[in-house]
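Peer 1: Please read through the structure below; I'll follow up with questions.
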Amino acid sequence: MPEGDTVWQTARRLHDALAGEVLIRSDFRVPRYATVDLAGRRVLDVVSRGKHLLTRIEGGLTLHSHLRMDGAWKVFAAGRRWSGGPAHQIRAVLAAADRTAVGYRLPVLELLRTADEHRVVGHLGPDLLGPDWDPAQALANLLADPARPLGEALLDQRNLAGIGNVYKCELCFLLGVTPWLPVGDLPAERAGKLPALAKGLLEANRDRPVRATTGRRGQDLFVYGRAPRPCLRCHTSVRVADQGDGSRERPTYWCPVCQRGPAPAPHGRSRAR
Ligand SMILES: [Zn+2]
């Protein structure tokens with residue numbers, strides 16, 4: 001599932017390919033926009049807000065898309081074969097003279113007035129990679145519901161925008177607490193470091209093809225995806241369990257030694273350490 005850094009990279013790729021270019025063809029393969037034609041309009045810019053993509057087009061229009069679990073925008077040079085998936089998964093095509101952007105499997109695709117962008121991104125908390133980043137506000141949002149498990153609070157894009165399940169797990173490891181720790185129980189000194197730590201991870205990865213949090217080659221992540229292999233720090237077997245974010249369960253990894261706080265017991269009951 002894309003994290004904020006992946007969406008930021010996608011926005012930059014689309015911006016580099018299309019910004020300033022006049023569209024020679026558009027093709028929306030969703031019933032609602034089947035008749036929309038953006039040919040002749042210039043693409044102004046493409047930005048990410050959290051995990052949302054906003055493609056701004058001459059005439060006060062914004063194409064809003066979201067990648068959710070496996071959506072993708074691919075850019076192809078004119079005349080090259082499109083390789084992002086089978087044709088029936090294509091939702092949108094934006095073609096300029098030299099470059100064509102093709103949106104695959106986009107679960108959210110919406111054309112709106114640029115003046116109305118707040119309707120689709122106005123609910124987001126401060127964006128870790130955005131111009132509105134505000135660490136104090138992000139922390140206040142996270143701590144507003146003290147009983148909420150830290151992992152859930154980190155995924156809630158209304159608190160701060162850009163963290164997905166991978167960074168959720170890695171951040172909890174770096175903070176030394178489990179994703180099930182109520183945010184109100186996070187020691188103040190660690191809570192204070194959280195916004196900068198989160199921003200640091202996303203910034204370090206936004207120009208990188210392979211996501212890494214450890215700084216060790218070949219061992220890119222501390223806990224995510226490692227169960228039941230040993231923790232990079234203490235060699236205890238990394239565990240995995242589902243943690244809901246209100247919409248779905250997500251595989252959540254942690255080290256039972258390096259991370260303090262409640263965690264699911266092997267048979268599904270929560271316990272405190
Ligand atoms: Zn460990």
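FYI, it's all coordinate maths here, none of it is from the lab. It should be emphasised that the depicted structure is a prediction, and the values quoted were computed from it without experimental measurement. Cβ: placed from backbone, ideal geometry, glycine included. Neighbour counts: every protein chain shown.
Peer 1: What value, in deg cm²/dmol to 500, does the helix sum -39500 (n - 2.57) over DSSP H runs of n ≥ 4 give at 222 nm once divided by the residues of the chain?
Peer 2: Calculated mean residue ellipticity at 222 nm is -7000 deg cm²/dmol.
Peer 1: Taking the mean number of other Cβ atoms within 10 Å as a proxy for protection, how do you rank 30-39, 135-144, 43-52 from highest to lowest?
Peer 2: Most protected by this proxy first, the peptides run 43-52, 135-144, 30-39.
Peer 1: Along the charge dipole of the chain, which of 102, 197, 223 sits closest to the positive end, that is, farthest toward it, with unit charges on the beta carbon of Lys, Arg, Asp and Glu (+1, +1, -1, -1)?
Peer 2: Of the listed residues, the answer is 223.
Peer 1: Relative to a virtual label point 7 Å from the Cα of residue 68 in the Cα→beta-carbon direction, which members of the range 105-144 show backbone nitrogen distances below 15 Å?
Peer 2: Counting only backbone N, you get 105-110.
Peer 1: Pairs of lysines 8 or more apart, or on different chains, with alpha carbons under 19 Å: count those in the chain, would you?
Peer 2: Close lysine pairs under the 19 Å cut-off: 5.
Peer 1: Follow-up. So for the range 8-90, what percent of the C-alpha to C-alpha distances run longer than 21 Å?
Peer 2: Percentage above 21 Å: 30.
Peer 1: Need one number: nm distance between label points at residue 265 and residue 42, each 7 Å from Cα along Cα→Cβ, rounded to one decimal.
Peer 2: 6.6 nm
Peer 1: While we're looking at this one, here's another question. Give me the angle, in degrees from 0 to 90, between the Cα long axis of helix 188-205 and the longest principal axis of the Cα atoms of the chain, rounded to the nearest 10.
Peer 2: Orientation of helix 188-205: about 40 degrees from the principal axis.
Peer 1: Net charge near residue 104, counting Lys/Arg +1 and Asp/Glu -1 over other residues with Cβ under 9 Å of its Cβ?
Peer 2: +2
Peer 1: Could you tell me the convex hull volume per residue, in Å³, taken over the Cα atoms of the chain?
Peer 2: 142 Å³
Peer 1: Then there's this: Give a quick list of trypsin sites (Lys or Arg not before Pro) in the range 144-236 that DSSP marks as loop, anything other than H, G, I, E or B, with at most 12 other Cβ atoms within 10 Å.
Peer 2: 158, 217
Peer 1: Distance in nm between label sites at residue 137 and residue 123, each 7 Å beyond Cα in the beta-carbon direction?
Peer 2: Here the answer is 1.7 nm between the modelled labels.
Peer 1: What dipole magnitude, in Debye to the nearest 20, does the chain give about its Cα centre under +1 on Lys/Arg Cβ and -1 on Asp/Glu Cβ?
Peer 2: The calculation lands at about 880 debye.
Peer 1: Mind checking the dipole of the range 135-271: about its Cα centre, +1 per Lys or Arg Cβ, -1 per Asp or Glu Cβ, Debye to the nearest 20?
Peer 2: 440 debye
Peer 1: Over all pairs of distinct alpha carbons, what does the Kirkwood formula give as the hydrodynamic radius of the range 170-250, in Å?
Peer 2: 14.1 Å
Peer 1: Moving to a separate point now. From the residues 143, 22, 85, which one has its Cα farthest along the dipole of the chain in the positive direction, the dipole being from +1 and -1 charges on Cβ of Lys/Arg and Asp/Glu about the Cα centre?
Peer 2: Comparing the listed Cα positions along the dipole, 85 ranks first.
Peer 1: Sort 90, 163, 24 by Cβ crowding within 10 Å, fewest neighbours at the top.
Peer 2: By the 10 Å Cβ count, ascending: 24, 90, 163.
Peer 1: Along each of the three principal axes of the Cα atoms of the range 135-271, give the extent in whole Å, ordering the values from largest to smallest.
Peer 2: The principal-axis extents, from largest down, are 40, 36, 30 Å.
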